[in-house]
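S.K.: Before we start, here is the structure in question, set down as structure tokens.
What follows is calculated from the coordinates using simple rules that are stated; it is not laboratory data. Everything numeric here is computed off the predicted structure, so don't read it as measured data. Cβ atoms come from the backbone with ideal geometry, glycine included; neighbour counts cover every protein chain shown.
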Amino acid sequence: MSTLDRTDEEIDTLTNTAAAASGASASASFRTNEVYSGAAAGSSTERVDAVARALLKAVHRVIDEHEVTYPEFQAAKKWLMDVGEVGEWPLFLDVFVEHAVEEVASRSQHGSKGTILGPYYLPGQVQLTSPATLPARPDEVGTPLVFTGRVTDLDGSPLTGATLDIWHADSDGLYSGFAPGLPEGNLRGVVTADAEGRFEIRTIQPAPYQIPTDGPTGALTRAAGWSPWRPAHLHLLVSAPGHRTITTQLYFAGGEHLEDDVAEATKPELVLDPVENASGERVAEYDFALERD
Ligand code: MBD
Ligand code: FE
């Protein structure tokens, strides 16, 4: 049965079931994935005291100001337990909290802007050389996209040996390795740029991402009347020997949800504006400048 034979409702159910599993898979990934190491970095008693105390104080202040009731407190407790039980903490925290941590981190980073990593990075993907085509299904749906540009240092000199670790959702907004039914490594790859730091990566345009609707994170957005959407985006880790890796995302000019990203992770510097080439492909150009580490 192809997608075309399905009703809108069936497609919705399929997409949401797949998306729901994604929240839980992100928990398993978080525990094993070294990109998240540095967790529990041996903070001093003074640091734990200062931050944990301030956090609890902020909670007490909200309870006081909003006159939170016992039934509301017990409902919140149940919701927090549900988030843990279904494994949505990495999803929830990356959507609603990571942007604040990234804004602090970016105060001491120079060069191209970065933004949040999110819960769907997987290391160890196929290594490709520019010009490269990301792994995709034979019948991968989506507008062809050519992502091209240069990686340089802060002075604009090419960085030989630069790599772009890139991953993105498919045209249903689903990520391989997290949503069931997608081939391993689909729409993921590590591309080495040429000697002048130039890269050219062929893929398809991703769809906007929706927070899974059937878990507690989705339940919160519904209960609060919030949009559960992120704008369509490419994720990238851009690296070069001797330079600081940039974690970033690139969005698409004119795309939906650019102005109301639920994860608050868009920045004006991170918007691509693809133009159509003679072969009908959309070509998006972007240059990265990396600082020394
Ligand atoms: C995503 O695809 C994402 O990029 C973030 C930050 C959070 C949830 C899903
Ligand atoms: Fe994403």
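S.K.: Amide H of Ala136 versus every other amide H placed in the peptide plane: which residues, excluding those fewer than 5 positions away on the same chain, fall under 5 Å?
M.R.: Hits under the 5 Å cutoff: Leu187.
S.K.: Could the peptides 157-164, 211-218, 46-53 be put in order, highest first, of the mean number of other beta-carbon atoms found within 10 Å of their residues?
M.R.: Details: 157-164: 18.8, 211-218: 21.5, 46-53: 10.5.
Taking the mean over residues of other Cβ atoms within 10 Å, the ranking is 211-218, 157-164, 46-53.
S.K.: Okay, next question. For Glu196 and Gln74 in the same chain, what is the full-extension length gain: residue separation times 0.36 nm, less their Cα-Cα distance, in nm? Don't skip to the end; give the middle numbers.
M.R.: On the way: separation 122, 0.36 × 122 = 43.92 nm, distance 5.91 nm.
Roughly 38.0 nm would be gained on extension.
S.K.: Stokes-Einstein at 10 °C, 1.306 mPa s, Kirkwood radius from Cα pairs: D for region 56-196 in µm² s⁻¹? Before the final figure, lay out each step's value.
M.R.: Numbers: Rh = 19.0 Å.
The Stokes-Einstein estimate is 83 µm²/s.
S.K.: Roughly what angle does helix 8-32 make with the longest principal axis of the chain, taking Cα atoms, 0 to 90 degrees, to the nearest 10?
M.R.: Long axis of 8-32 versus the principal axis of the chain: about 80 degrees.
S.K.: Which residues does the label zone of Thr160 cover in region 225-248, counting backbone N under 13 Å from a point 7 Å along Cα→Cβ?
M.R.: Inside the label zone: 241.
S.K.: Between the helical axis of 45-65 and the dominant principal axis of the chain, each derived from Cα atoms, what acute angle in degrees is found, rounded to the nearest 10?
M.R.: On a 0 to 90 degree scale, this one is about 70.
S.K.: Next question, about the same structure. In degrees between 0 and 90, to the nearest 10, how far off the longest principal axis of the chain does helix 70-85 point, with axes built from Cα atoms?
M.R.: Roughly 40 degrees, rounded to the nearest 10.
S.K.: Same structure again: To check you understand DSSP bridge types, tell me what percent of the beta bridges within the chain (both residues inside) are antiparallel, rounded to 5. Write out the running numbers ahead of the final one.
M.R.: Numbers: 29 of 43 bridges.
Taking every DSSP beta bridge within the chain, about 65 percent pair in antiparallel fashion.
S.K.: Now, a different point. How large is log10 of I(q)/I(0) for the chain at q = 0.16 Å⁻¹ when the intensity is taken from the Debye formula with one equal scatterer per alpha-carbon?
M.R.: -1.42
S.K.: Over all alpha-carbon pairs in region 132-257, figure out the percentage whose distance exceeds 18 Å.
M.R.: The answer is 58 percent, as a whole percent.
S.K.: Which order do the peptides 245-256, 128-139 take when ranked by the mean count of other beta-carbon atoms within 10 Å per residue, highest first? Please report the intermediate quantities before stating the final value.
M.R.: Details: 245-256: 18.3, 128-139: 14.8.
By packing density, highest mean first, the sequence is 245-256, 128-139.
S.K.: Could you give the Stokes-Einstein D for region 66-128 in µm² per second, using the C-alpha Kirkwood radius, 37 °C, 0.692 mPa s? Write out the running numbers ahead of the final one.
M.R.: Details: Rh = 14.9 Å.
It diffuses with D of about 220 µm²/s by this estimate.
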